[in-house]
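Only one structure is covered here, and it is reproduced in the block below.
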Amino acid sequence: MARPEHGTLYQIFARIWLDELSRAAGRRLTLAEVPDAELDALAARGFDWLYLLGVWTLGREGPPISRSLPELRRGYDEMLPGWSEADVVGSPFAVARYAVEPSLGGDAALASLRGRLAQRGIGLVLDFVPNHTARDHDWVRERPELYVRDASGAVACGRDPFFPPWTDTAQLDLRREATQAALVEALCAVAARADGARCDMAMLVLADVFARTWAALPELEPGAAAGGELWARALDAVRARHPDFLFIAEAYWDLEWRLQLLGFDYTYDKRLYDRLLHAPAEVRGHLAASADYQRRSVRFLENHDEPRIASLLDFERQRAAAVLAFTVPGLRFLHDGELDGRRVRSSVHLARRKVEPVDAARRAFYAQLLEVLRLPALRTGRFATLAPAGPDSLLAHRWDHPEGAVVVVVAFGPEAVGGRVALDLPGLAGRRVAVRDRLTGAVAVHDGAALVDPARGLPVELPAWGVAVLERVPS
């Protein structure tokens, strides 16, 4: 199924989703029983992909660890006051088997859901975790040679070199040919059940990153080492069977471009997220990166690892950040609860979340923004950054498309700004041009010759953190 290069993805945590739907229905639902109205709502919002987190079978060892760690328990107290031990189901990234958790309905229920999503033009994205498994994965018992051992000879816990080990996981030895071959087959099993994969901490399995993280390991026995990068062989193997399969890399440490070169369709753009929140003056330079890099970037303001954006930014600044993040090239990634202005982050270890009221202003804004993102220009058009005449906080870009161009202007700073934006778009010169703001409905008529003149351009006046999404009104 062909989907636009600049599409939208919506992340939902499967266990929380089914918990809330089941409470509403008065009985326990499986993935096969998600109401049609839920799927129709996703389609009505224009989502191209559903990223369904947490469908895989977890082991028995993980949940007790999730219930026992003091730092996690403190988080549960903040996120879900009154939580019970039964609410703690374990981390979805400590996978014991790439088969759907039986309590969610198993593989058959997921296949049913995937088919119903496909009927609505929505692809299904699932997780793949290449760095580690659950500590009671079958491989630990049946293929212990696939794992890293610590100094005592025990299977080591999975880790990121900058954080403490994940004690509910077992670290795979990515240097080994046998480990890489097993992971390729596991990824093919994921690909048989979905239309795309979000590859967890994808940079950890790059050969040089793994070597630095585990520098103290003894050398492998002769003939045991893999011959190259896992991602090159894994992506090729999957695409040989499923040519249109989508690959998304969770990536950090400025390794995104390397992963794109290895074949990932999209990589997380954490740098843009950080700059939108903490370094507004650096956003302009970030969006001037190469077109190939930009179009393969995942833009987000939230995901399961980050705080709720509504808890960090007031409405006006969040609106400005969202317009910038989601109207530039790449995959637009939105998180369940973001559209309703939730402020309390949910834990991936919990199958329930706090009840929160809807933020009406944020919900109304996101409804408008999602309509904008459905415009042909922003899905398949030609993108260009613009150079406004005005202060550095005035940012602008445009999308050109036969069905109509779109110009986005943002005052990304705490002061009101004014300036002019020259529009290098065909069909404006020599005409009176009516321009409408998609967000406010306001219409202004301009001299087309002035709009395209680099010395004049479109006049804009915006308040602090102000936004405008402009389109030509057909004559």
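Name the one entry in A464, A405, A389, A450 that is touching a residue at least 24 places away in the same chain (Cβ under 8 Å), farther than 27 Å from L334 by Cβ and not assigned by TED's automatic domain parsing to the domain that holds S290.
Values: A464 fails: farther than 27 Å from L334 by Cβ; A405 fails: farther than 27 Å from L334 by Cβ; A450 fails: touching a residue at least 24 places away in the same chain (Cβ under 8 Å).
The match here is A389.
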How about the stretch 251-339: which helices (runs of 4 or more DSSP H) wholly inside it have at least 2 residues that are in contact (Cβ under 8 Å) with a residue 60 or more places away in the chain? 283-286, 291-295, 315-326
Subset of the stretch 42-60 [of a type outside the set (G, A, S), surrounded by fewer than 22 Cβ atoms within 10 Å (Cβ to Cβ) and over 17 Å from the mean Cα position of the chain (by Cα)]: T57, R60
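Any idea which of A464, A455 is touching an Asp or Glu at 6+ places or on another chain (Cβ under 6 Å) and either not in a helix (DSSP H, G or I) or not β-branched (V, I, T) (or both)? Break it down stepwise before answering.
Numbers: A455 fails: touching an Asp or Glu at 6+ places or on another chain (Cβ under 6 Å).
Going through A464, A455 in turn, just one is touching an Asp or Glu at 6+ places or on another chain (Cβ under 6 Å) and either not in a helix (DSSP H, G or I) or not β-branched (V, I, T) (or both): A464.
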Selection within the stretch 112-152 - modelled with pLDDT under 95 and among the small types (G, A, S): A151, S152
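Return the only residue of L9, L29 being closer than 27 Å to H401 by Cβ, of a type in the set (A, V, I, L, M, F, W, C) and surrounded by 17 or more Cβ atoms within 10 Å (Cβ to Cβ). Full working, then the answer.
Values: L29 fails: closer than 27 Å to H401 by Cβ.
Answer to the check: L9.
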Within the stretch 204-225, how many residues are of a type in the set (D, E, K, R) and touching a residue at least 12 places away in the same chain (Cβ under 8 Å)? 1
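So which of G448, G466 ends up being touching a Leu at 6+ places or on another chain (Cβ under 6 Å), on the phi < 0 side of the Ramachandran plot and not β-branched (V, I, T)? Working first, answer last.
Numbers: G466 fails: touching a Leu at 6+ places or on another chain (Cβ under 6 Å).
Selected residue: G448, the only one of G448, G466 that is touching a Leu at 6+ places or on another chain (Cβ under 6 Å), on the phi < 0 side of the Ramachandran plot and not β-branched (V, I, T).
Filtering the stretch 407-427 down to residues that are part of a loop (DSSP other than H, G, I, E, B) and at pLDDT 90 or above, which residue is surrounded by the most Cβ atoms within 10 Å (Cβ to Cβ)? First the steps, then the outcome.
Looking only at the stretch 407-427, we keep the residues that are part of a loop (DSSP other than H, G, I, E, B), and these are 412-416, 422-427.
Keeping just the survivors that are at pLDDT 90 or above gives 412-416, 422-423.
On the way: F412: 25, G413: 20, P414: 11, E415: 11, A416: 14, A422: 19, L423: 23.
Checking each candidate, the answer is F412.
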Which one of D173, D195, D168, D160 is surrounded by 23 or more Cβ atoms within 10 Å (Cβ to Cβ), in contact with a helix residue (DSSP H, G or I) (Cβ under 9 Å, 6 or more places away or on another chain) and charged (D, E, K, R)? D168
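Taking the stretch 430-442 as the search range and keeping residues that are under 19 Å from H397 (Cα atoms) and not acidic (D, E), which one is surrounded by the fewest Cβ atoms within 10 Å (Cβ to Cβ)? Outline the logic, then answer.
First pass over the stretch 430-442, keeping only residues under 19 Å from H397 (Cα atoms): 433-440.
This time we only want the ones that are not acidic (D, E), so: 433-436, 438-440.
On the way: V433: 23, A434: 14, V435: 19, R436: 15, R438: 17, L439: 18, T440: 11.
Residue satisfying both the conditions and the ranking: T440.
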Any chance the stretch 318-330 includes a residue that's under 18 Å from L80 (Cα atoms), surrounded by fewer than 24 Cβ atoms within 10 Å (Cβ to Cβ) and small (G, A, S)? no
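The values are calculated or read from the model by the stated rules, or taken from the named source; none is laboratory data. Note that the structure is a prediction, hence the values are computed from the model and not measured. Glycine gets a Cβ as well: all are built from the backbone with ideal geometry, and neighbour counts include every protein chain shown.
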